[in-house]
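*Asks:* Just dropping this structure here.
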Amino acid sequence: MKHIKDTISFIQQSFKSKEFIPLHAPTFGGNEKNYLIETIDSTFVSSVGAYVDQFEEIMSSITNTKKSVAVVNGTAGIQVALRLVGVSTGDEVITQALTFIATANAIAYNGASPIFLDVDIDTMGLSPKAVNQFLDEFGELREEGCFNKKTGKKISACLPMHTFGFPVHLGELKAICDAWKIPIVEDAAESLGSEYKNKPTGSIGEIGVFSFNGNKIVTCGGGGAIVTNNENLGIKGKYLTTTAKVPHPFEFYHDELGYNFRMPNLNAALACAQLEQLNSFLENKRTLALEYKSFFDTSEIKFRTETPNTKANYWLMCVELENLKERDLFLAETNTAKVMTRPIWQLMYRLPMYQHCQKDQQLNAQFLEERIVNIPSSVR
């Protein structure tokens with residue numbers, strides 16, 4: 001109990017407050033109001049406007065990719081990204097069960113089924129070893145791609161998620177997926193500013209997708225972005241997310257099923273102002289992470305840090321408790337003290353709509369599910 005009380009006291013001192021301390025609050029200290037007023041004055045508040053174009057250019061620059069597409073949220077971005085790499089009804093997508101539900105839902109929106117494979121303890125993200133073991137047992141390589149020998153269905157994509165901004169082991173994962181002809185779509189919703197071997201997350205797979213939800217490191221209320229180095233996929237992504245309308249001065253003609261997933265110019269204006277501050281946000285959060293690490297080094301609680309050859313954005317910082325009982329006690333005590341903490345997600349295959357999905361033993365995922373807790377991580 002003492003180590004929990006010490007933790008509460010440290011967090012209160014760190015955030016200089018004994019009032020409610022949120023998990024991750026947005027910070028608006030730049031040009032947000034100026035850009036919003038400018039957008040309102042321009043009357044271009046919907047999906048056509050200068051800030052949408054500017055947002056896409058900035059995202060391509062930050063992620064070192066050739067094409068960026070602004071979308072209404074990260075979930076919609078993943079849905080479209082999976083379609084772009086060839087996922088269709090009846091297919092399967094390899095992913096992790098330890099993730100936010102949007103990852104699994106985006107697969108289901110395409111009429112496909114998730115295959116839930118285990119995560120690595122160090123990254124909390126999809127394990128290359130688990131993927132390799134699964135494909136060795138169930139994979140069948142054909143001219144048309146990789147197929148699941150158990151179900152007979154095509155495995156059309158691999159969708160790793162960079163949990164809390166900690167990059168997965170992308171190099172190993174990409175080598176395995178390339179050998180099996182499986183394209184990687186990075187669920188980079190939580191990892192804006194994170195790097196794997198000096199490359200931005202989202203830029204290493206065929207496509208990457210980011211989220212700008214209210215609790216992310218950079219927010220525009222909602223919003224998302226698809227990024228890719230495949231210009232053709234980027235162009236197609238923009239087309240599909242803007243209702244697949246064929247350009248014409250006045251006629252409305254749509255030649256395939258598209259989506260109204262456009263990011264409004266108002267949101268894009270807010271996003272541009274936030275992205276101008278990304279580097280300072282990253283530095284601020286890294287300072288907090290170092291303070292947490294220093295404190296927890298002498299505690300019974302383990303603070304999770306980035307893995308070698310990676311740079312985490314420390315979006316949501318987290319600790320590892322000794323067991324489920326200690327985790328629940330920590331959650332109860334901190335929240336009672338108005339220090340907001342939360343457990344990691346329930347594993348996807350425990351949810352009713354995904355109980356039927358194929359999975360492996362999930363030993364690491366279950367270990368983490370019982371122990372990981374997020375702690376206040378806001379920019380101070």
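The values are calculated or read from the model by the stated rules, or taken from the named source; none is laboratory data. A quick note: this is a predicted structure, and the numbers were derived from the prediction, not measured. For neighbour counting, all protein chains shown are included, and Cβ atoms are generated from backbone atoms with ideal geometry for every residue, glycine included. Heavy atoms of the whole protein, side chains included, go into the accessibility calculation; ligands, DNA and RNA do not. Shrake-Rupley method; radii C 1.70, N 1.55, O 1.52, S 1.80 Å.
*Asks:* I'd like the residue in the stretch 148-199 that is among the hydroxyl-bearing types (S, T, Y) and closer than 16 Å to I115 by Cα and, out of all such residues, is farthest from the chain's Cα centre (by Cα). Break it down into steps so the answer makes sense when it comes.
*Replies:* Step one: list which residues in the stretch 148-199 are among the hydroxyl-bearing types (S, T, Y), which gives 151, 156, 163, 191, 194, 196.
Right, trim to closer than 16 Å to I115 by Cα and you get 151, 156.
Working: T151: 28, S156: 20 Å.
Checked the stretch 148-199; the qualifying residue farthest from the chain's Cα centre (by Cα) is T151.
*Asks:* Would you call F261 over 22 Å from A188 (Cα atoms) and of a type in the set (F, W, Y)?
*Replies:* Numbers: over 22 Å from A188 (Cα atoms): no; of a type in the set (F, W, Y): yes.
Spelling it out, it is not the case that F261 is over 22 Å from A188 (Cα atoms) and of a type in the set (F, W, Y).
*Asks:* From the list G258, G237, which residue is in a helix (DSSP H, G or I) and either touching a residue at least 60 places away in the same chain (Cβ under 8 Å) or farther than 22 Å from S60 by Cα (or both)?
*Replies:* G237
*Asks:* Sort through L329, L321, L351 and tell me the only one that's closer than 28 Å to D118 by Cα, open to solvent by 40 Å² or more (accessible area, probe 1.4 Å), aliphatic (A, V, I, L, M) and modelled with pLDDT of 95 or more.
*Replies:* L329
*Asks:* Please tell me if F116 is farther than 20 Å from S191 by Cα and either surrounded by fewer than 24 Cβ atoms within 10 Å (Cβ to Cβ) or modelled with pLDDT of 95 or more (or both).
*Replies:* Numbers: farther than 20 Å from S191 by Cα: yes; either surrounded by fewer than 24 Cβ atoms within 10 Å (Cβ to Cβ) or modelled with pLDDT of 95 or more (or both): yes.
So F116 passes the test.
*Asks:* With among the hydroxyl-bearing types (S, T, Y), outside any loop (DSSP other than H, G, I, E, B) and farther than 27 Å from R342 by Cβ as the only criterion, which of T39, T75, T7 stands out? Working first, answer last.
*Replies:* Values: T75 fails: farther than 27 Å from R342 by Cβ; T7 fails: farther than 27 Å from R342 by Cβ.
So the residue among T39, T75, T7 that is among the hydroxyl-bearing types (S, T, Y), outside any loop (DSSP other than H, G, I, E, B) and farther than 27 Å from R342 by Cβ is T39.
*Asks:* Among the residues of the stretch 357-380, count how many are open to solvent by 20 Å² or more (accessible area, probe 1.4 Å) and either in contact with a helix residue (DSSP H, G or I) (Cβ under 7 Å, 6 or more places away or on another chain) or free of Cβ contacts under 8 Å to residues at least 24 places away in the same chain (or both).
*Replies:* Here the count works out to 7.
*Asks:* Any residue that is open to solvent by 30 Å² or more (accessible area, probe 1.4 Å), part of a helix (DSSP H, G or I) and in contact with a Phe, Trp or Tyr (Cβ under 7 Å, 6 or more places away or on another chain) - is there at least one of those in the stretch 280-288?
*Replies:* Yes, some residue in the stretch 280-288 is open to solvent by 30 Å² or more (accessible area, probe 1.4 Å), part of a helix (DSSP H, G or I) and in contact with a Phe, Trp or Tyr (Cβ under 7 Å, 6 or more places away or on another chain).
*Asks:* Ok, one more. If we keep just the residues of the stretch 59-103 that are of a type in the set (G, A, S) and buried (at least 24 other Cβ atoms within 10 Å of the Cβ), which is farthest from V227 (Cα to Cα)?
*Replies:* A97
*Asks:* Kindly provide the set of residues from the stretch 13-28 that are open to solvent by less than 60 Å² (accessible area, probe 1.4 Å) and among the polar types (S, T, N, Q), ordered by number. Step through it out loud before you land on a result.
*Replies:* First, the residues of the stretch 13-28 that are open to solvent by less than 60 Å² (accessible area, probe 1.4 Å): 14-15, 17, 21-25, 27.
Result: S14, S17, T27.
*Asks:* In this structure, does T341 turn out to be of a type in the set (S, T, N, Q), more than 20 Å from the chain's Cα centre (by Cα) and farther than 27 Å from Q133 by Cβ?
*Replies:* The answer is no for T341.
*Asks:* Does S47 fit the bill of being under 17 Å from R262 (Cα atoms), in contact (Cβ under 8 Å) with a residue 40 or more places away in the chain and more than 18 Å from the chain's Cα centre (by Cα)?
*Replies:* yes
To keep it simple, each residue is scored yes or no on (1) over 17 Å from the mean Cα position of the chain (by Cα); (2) among the acidic types (D, E); (3) modelled with pLDDT of 95 or more; (4) within 19 Å of Y349 (Cβ to Cβ).
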residue: S68; (1), (2), (3), (4): no, no, yes, no
residue: G74; (1), (2), (3), (4): no, no, yes, no
residue: Q79; (1), (2), (3), (4): no, no, yes, no
residue: G90; (1), (2), (3), (4): yes, no, yes, no
residue: T95; (1), (2), (3), (4): no, no, yes, yes
residue: T99; (1), (2), (3), (4): no, no, yes, yes
residue: A102; (1), (2), (3), (4): no, no, yes, yes
residue: I107; (1), (2), (3), (4): no, no, yes, yes
residue: S127; (1), (2), (3), (4): no, no, yes, yes
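*Asks:* What number of residues within the stretch 218-277 satisfy the criterion of being of a type in the set (A, V, I, L, M) and surrounded by fewer than 18 Cβ atoms within 10 Å (Cβ to Cβ)?
*Replies:* Residues in the stretch 218-277 being of a type in the set (A, V, I, L, M) and surrounded by fewer than 18 Cβ atoms within 10 Å (Cβ to Cβ): 4 in total.
*Asks:* Could you tell me which numbered condition K153 fails, if it satisfies all but one of (1) touching a residue at least 40 places away in the same chain (Cβ under 8 Å); (2) of a type outside the set (G, A, S); (3) buried (at least 24 other Cβ atoms within 10 Å of the Cβ)?
*Replies:* (3) is the only condition that K153 fails.
*Asks:* Against the conditions (1) under 15 Å from A76 (Cα atoms); (2) out of contact with any strand residue (DSSP E or B) (no Cβ under 6 Å at 6 or more places or on another chain), where does L173 fall short? Just the number, please.
*Replies:* Exception for L173: condition (1).
*Asks:* Go through S299, S294 for me and flag whichever is in a loop (DSSP other than H, G, I, E, B), open to solvent by 30 Å² or more (accessible area, probe 1.4 Å) and small (G, A, S).
*Replies:* S299
*Asks:* Related question: Counting just the residues of the stretch 288-329 that are of a type in the set (S, T, Y) and in contact (Cβ under 8 Å) with a residue 12 or more places away in the chain, which one comes out farthest from F212 (Cα to Cα)?
*Replies:* Result: S299.
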